[in-house]
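Visitor: Below you'll find the structure I mean.
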Amino acid sequence: MLKFLNQVTNYGKESIQAARYIGQGLSVTFDHMKRRPITVQYPYEKLIPSERFRGRIHFEFDKCISCEVCVRVCPINLPVVDWEFNKEMKKKQLKHYSIDFGVCIFCANCVEYCPTNCLSVTEEYELSTFDRHELNFDSVAMGRLPYKVTQDPMVTPIREFAYLPTSEIDGHNVDHTAPRAGQTPAEIVASTPKPDSEEG
């Protein structure tokens with residue numbers, strides 16, 4: 001009889017312990033049910049990149065003056081600028097421009113220091129190919145218009161969690177024109193108090 005009671009007691013303790021473990025697991029599950037889903041149903045849904053996102057570089061052939069500043073500021077001397085001197089115009093004439101995005105680290109130094117603004121960063125990040133040599137974009141490939149998630153009728157644009165309006169936890173139902181949480185850089189500068197001038 002005593003052995004049977006011990007078995008019942010042990011079984012009861014194990015049942016309580018199992019229920020506690022199940023409760024701990026379900027508490028984590030219920031906690032995550034209130035959060036925004038992390039996964040995106042790619043390629044039918046795509047995240048809208050942030051304002052400072054550095055994607056594929058866009059190149060405007062007509063603006064380039066072949067100064068090669070982009071090559072000098074690039075940490076790996078990546079842009080290839082092929083030019084010849086035009087004796088009639090007495091200036092450099094661009095023949096070919098290319099960047100290998102398989103090697104590029106997307107630091108955007110070339111965009112920052114370009115004197116004619118012929119380079120600009122885009123939101124395009126889908127650069128995967130089967131052959132890495134296809135990532136060597138020439139001036140024609142870099143000159144095509146950049147892809148925007150919000151302009152694709154076949155894709156549902158989703159706001160990233162950091163850019164959702166206040167108290168929103170689901171990016172699927174938020175319009176991309178809705179104001180984001182926090183202040184824009186211009187609003188931060190406007191609200192920052194100016195330092196008092198030092199009296200001498």
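Visitor: Using θ = phi - 60° and the Karplus curve 6.51 cos²θ - 1.76 cosθ + 1.60, what whole-Hz ³J(HN,Hα) does each residue of the stretch 23-32 get, with Gly and Pro shown as x?
Guide: Going residue by residue, I get x, 5, x, 5, 5, 5, 4, 5, 5, 6 Hz, with x marking Gly and Pro.
Visitor: Label Glu14 and Lys194 with points 7 Å out from Cα along Cα→Cβ: what is the distance between them in nm?
Guide: 7.7 nm
Visitor: Using the reciprocal of the averaged 1/r over all distinct C-alpha pairs, how large is the Kirkwood radius of the stretch 1-125 in Å?
Guide: Value: 20.4 Å, from the Cα pair sum.
Visitor: To continue, here is another question. Would you mind computing, in nm to one decimal, how far apart the modelled labels at Ser27 and Met1 are, each placed 7 Å from Cα along Cα→Cβ?
Guide: Rounded to a tenth, the inter-label distance reads 4.0 nm.
Visitor: If each residue's Cβ is checked for other Cβ atoms within 10 Å, how do Thr9, Thr156, Thr122 rank with the fewest at the top?
Guide: Listed from fewest to most nearby Cβ atoms, that is Thr9, Thr156, Thr122.
Visitor: Sticking with this one: Taking amide H atoms as placed 1.01 Å from N in the peptide plane, list the residues 5 or more away in sequence, or in a different chain, whose amide H sits under 5 Å from that of Thr156.
Guide: Glu45, Lys46
Visitor: Quick check: Cα centre of the stretch 119-160 to Cα centre of the stretch 4-20, how many Å?
Guide: 61 Å
Visitor: Please list, in chain and number order, the residues 5+ apart from Val121 or on another chain whose amide H is under 5 Å from its amide H, with Hs placed from the backbone.
Guide: For Val121, the qualifying residues are His58.
Visitor: Let me ask something else about it. Full extension from Ser50 to Asp82: what is 0.36 nm times the residue separation minus their Cα-Cα distance, to one decimal in nm?
Guide: 8.2 nm
None of the figures in this text is laboratory data; all of them are computed from the coordinates on show. None of the values given here were measured: they were computed from a predicted structure. We place every Cβ from the backbone using ideal geometry, glycine too, and count neighbours over all the protein chains shown.
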